[in-house]
Amino acid sequence: MTTQSKTQKHRIQHISLRANAIQPSGIRKFFDLLSSIDGVISLGVGEPDYATPWHIRESAIESIEKGQTMYTSNSGMPELRKELARFLKNEYKVDYDPTSELLITVGCSEALDLTMRAIIDPGDEVIIPNPCFVAYGSCVTLAGGKPVHIPTYEVNNFEISAQDIEKYITNKTRAILIGYPSNPTGAVLRRQKLAEIAALAIKYDLTVISDEIYSKLVYGAEFTCFASLPGMKERTVFLGGFSKAYAMTGWRIGYAAAPKEIIAAMHKIHQYTMMCVSTMSQMAALEALKGDQDSVTEMVEDYNRRRQVMVKGLRDIGLTCYEPKGAFYCFPSIKCTGMTSEDFAEKLLSEEKVAVVPGSAFGKCGEGYIRCCYATSLADIEEALKRMGRFVKKNKK
Amino acid sequence: MLKDILKILENDARATPKQIAVMTGMTQAEVTKTIKKAQDDRTILKYKAIINWDKAENEHVLAWIGVKLEPQKDVGFDSIAQHIYRYPQAKSVYLVSGTVDLLVMVTGKNNHEIADFVSQKLSHIDGVKETVTQFILKRYKEDGEVMESEEVVKRQAVVL
């Protein structure tokens, strides 16, 4: 054995089984490739193309000027939790006690991790519709659980049904993790479909973790907050955040709303790992909730226009594309090229300088698809579509 | 639906009916018809570009002129305003509340032209009692657009 491979072996041996059990995000090699090419149009992002509205930025600046630079309560500032409770009640008709049922977290991502660590025991199974956000499965695995991915299909508008889920329920199933509007598919579940999942949760005594980070970005469809369904507040962990609706991705602030026993368990872990969310971000989030909501409406209208341009554009170049009802992604099929989604994305980047995310990054059921984000300028969308059109024409089988 | 179209055009007057149709989910014929009607009833007045003339090295001066009026028998403010806005030098004319009655945006090649317009034309109009001229020294933002583009914040090209 060479010295180098010995060193490598030594390293691997000293990495925990837990860390070894998860894979790096499938898109990692793209970073290197991307940085070496000029003039790339990226549809690979997962965030708004707006800066945070000025009144929100200003309130954070003011708080820094005033010297509000200390820790806050572990759960988040009381004013923020109070305002959040008011917001959730107005927006979704669901009542949460700000002192015991809400936790302010470092983005929705931390809330997701805390939820898993708070409710999963070794071997517990969590049912997850696939394709799904890249972190879902890994968060379950890190908590010692087993993610059970259930396929969803384009023909069913990437929707999951209670019947699909029921087939996968075992005596080890602990929870169902859903994320609608969906990243990457843009699917939104109708109230009736959610109600059927709710009935299943009662029948098998399961917890439902509902990631509603994209709840404000819905187009021409009705959004239903899972916790607002009858009997669901007591068995739902509701995850939300400020990143997408208020263009606040870099602030890293989100929240969890759940029954007080679950919040108390999450609070313990949060207390020892994060202490609290940065104070300036909490001040900004408070302003986001209290201030004028016009900028949100304007952004949503603008996304909607670009959504329609991208869907039509993708269909015009010969790809089938489900019309997304929420978030800011299109998830067209590239099966007509016969390429894997990773090959497609790599070749498209090197030949036409358009970056998209291969669907396989979102799980097995994402194979044959690519994720294109339309939170970018209309001019870039149109140019990207032109380049993709050329590419598809050349590679169509 | 008219409002949707107007919002798109207000932001980009070059958007074509074909593009607008895709963005709004209307047919191209519907969009064309709605725009035509809006033009006919002067909801849409004109399609223009917002230009930073400083960059084109085009010598020009802008001034806001506050005009105090003296109410006159049988002559309303509207007709005095009309008298003023007929001059091509007056780019915008507004009736306002406060210390002056009218606000007039005037353009000229240089300070003299504007001074001439005020002293020779504006102040002689019946009903104009007093004028207050404020020369514009620098334009920061025009019609919602920042003149000097701010530093572009770069996003990560790929994020999951």
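The values are calculated or read from the model by the stated rules, or taken from the named source; none is laboratory data. As the structure is a prediction and not an experimental result, all values here were calculated from the model. As a convention, Cβ positions derive from the backbone with ideal geometry for all residues, glycine included, and neighbour counts pool all protein chains shown. These area figures cover heavy atoms from the full protein model, side chains too; ligands, DNA and RNA do not enter into them. Shrake-Rupley method; radii C 1.70, N 1.55, O 1.52, S 1.80 Å.
Structure data summary
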{"quantity": "Entirely in region B:45-160, the strands (runs of 3 or more DSSP E) that have 1 or more residues that are open to solvent by 80 Å² or more (accessible area, probe 1.4 Å)", "calculated": "B:90-95, B:128-135"}
{"quantity": "Residue in region A:119-128 that is open to solvent by 10 Å² or more (accessible area, probe 1.4 Å) and within 14 Å of another protein chain (Cβ to nearest Cβ) present", "calculated": "no"}
{"quantity": "Filter result (more than 12 Å from chain B (Cβ to nearest Cβ) and either under 22 Å from the mean Cα position of the chain (by Cα) or surrounded by fewer than 19 Cβ atoms within 10 Å (Cβ to Cβ) (or both)) within region A:287-316", "calculated": "A:ALA288, A:LEU289, A:LYS290, A:GLY291, A:ASP292, A:GLN293, A:ASP294, A:SER295, A:VAL296, A:MET299, A:VAL300"}
{"quantity": "Some residue of region A:369-378 being over 25 Å from A:ALA247 (Cβ atoms) and either part of a strand (DSSP E or B) or within 14 Å of another protein chain (Cβ to nearest Cβ) (or both)", "calculated": "yes"}
{"quantity": "Subset of region B:117-160 that is within 30 Å of A:ILE41 (Cβ to Cβ) and of a type in the set (S, T, N, Q) - its residue that is farthest from the other protein chains (Cβ to nearest Cβ)", "calculated": "B:SER149"}
{"quantity": "Positions within region B:6-44 being within 13 Å of chain A (Cβ to nearest Cβ), open to solvent by 40 Å² or more (accessible area, probe 1.4 Å) and under 24 Å from the mean Cα position of the chain (by Cα), in sequence order", "calculated": "B:LEU6, B:LYS7, B:GLU10, B:ASN11, B:ASP12, B:ARG14, B:THR16"}
{"quantity": "Number of the exception - A:GLU212 against (1) open to solvent by 10 Å² or more (accessible area, probe 1.4 Å); (2) of a type in the set (D, E, K, R); (3) in the same structural domain as A:ASN183 (by TED's automatic domain parsing)", "calculated": "(1)"}
{"quantity": "Qualifying residue in region A:218-238 (condition: crowded, with 23+ Cβ neighbours inside 10 Å, closer than 26 Å to A:ILE370 by Cα and under 18 Å from the mean Cα position of the chain (by Cα))", "calculated": "no"}
{"quantity": "Test: residue in region B:122-132 that is of a type in the set (A, V, I, L, M, F, W, C), at pLDDT 95 or above and closer than 24 Å to B:ALA56 by Cβ", "calculated": "no"}
{"quantity": "Selection from region A:293-319 of residues that are in a loop (DSSP other than H, G, I, E, B) and touching a helix residue (DSSP H, G or I) at 6+ places or on another chain (Cβ under 7 Å)", "calculated": "A:ILE317, A:GLY318, A:LEU319"}
{"quantity": "Contacts under 8 angstrom Cβ, first residue in region A:297-313 being farther than 15 Å from A:TYR329 by Cβ, partner among the basic types (Lys, Arg), 6 or more apart", "calculated": "A:GLU301/B:LYS7"}
{"quantity": "Residue count, region A:385-396 (criterion: open to solvent by 10 Å² or more (accessible area, probe 1.4 Å) and away from chain B (no Cβ under 12 Å))", "calculated": "8"}
{"quantity": "Checking A:ASP113 against (1) open to solvent by 30 Å² or more (accessible area, probe 1.4 Å); (2) more than 18 Å from A:ILE213 (Cα to Cα), the condition it does not meet", "calculated": "(2)"}
{"quantity": "Candidates A:ILE169, A:ILE160, A:ILE165, A:ILE178, filtered to the one that is over 20 Å from the mean Cα position of the chain (by Cα) and crowded, with 20+ Cβ neighbours inside 10 Å", "calculated": "A:ILE165"}
{"quantity": "Single match in A:SER100, A:SER138 (criterion: of a type in the set (S, T, N, Q) and within 14 Å of another protein chain (Cβ to nearest Cβ))", "calculated": "A:SER138"}
{"quantity": "Residue match in region A:38-47 (condition: in contact (Cβ under 8 Å) with a residue 24 or more places away in the chain, at positive phi, open to solvent by less than 50 Å² (accessible area, probe 1.4 Å) and of a type outside the set (Ser, Thr, Tyr))", "calculated": "no"}
{"quantity": "Residue in region A:206-218 that is farther than 15 Å from A:GLY326 by Cβ and either part of a loop (DSSP other than H, G, I, E, B) or out of contact with any helix residue (DSSP H, G or I) (no Cβ under 6 Å at 6 or more places or on another chain) (or both) present", "calculated": "yes"}
{"quantity": "Subset tally (residues that are among the aliphatic types (A, V, I, L, M), touching a Ser or Thr at 6+ places or on another chain (Cβ under 9 Å) and more than 14 Å from chain B (Cβ to nearest Cβ)) for region A:337-368", "calculated": "0"}
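Each row is one residue, and each column tells you yes or no for (1) open to solvent by less than 10 Å² (accessible area, probe 1.4 Å); (2) in contact with a Lys or Arg (Cβ under 9 Å, 6 or more places away or on another chain); (3) under 19 Å from A:ASP32 (Cβ atoms).
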residue: A:THR340; (1), (2), (3): no, no, no
residue: A:LEU349; (1), (2), (3): yes, no, yes
residue: A:VAL354; (1), (2), (3): yes, yes, yes
residue: A:GLY363; (1), (2), (3): no, no, no
residue: A:CYS372; (1), (2), (3): yes, no, no
residue: A:GLU383; (1), (2), (3): no, no, no
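Listed here are the residues, each with its yes/no results for (1) in a helix (DSSP H, G or I); (2) modelled with pLDDT of 90 or more; (3) open to solvent by 80 Å² or more (accessible area, probe 1.4 Å).
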residue	(1), (2), (3)
A:SER5	yes, no, no
A:LYS29	yes, no, yes
A:ALA60	yes, yes, no
A:GLY67	no, yes, no
A:SER75	no, yes, no
A:LYS82	yes, yes, yes
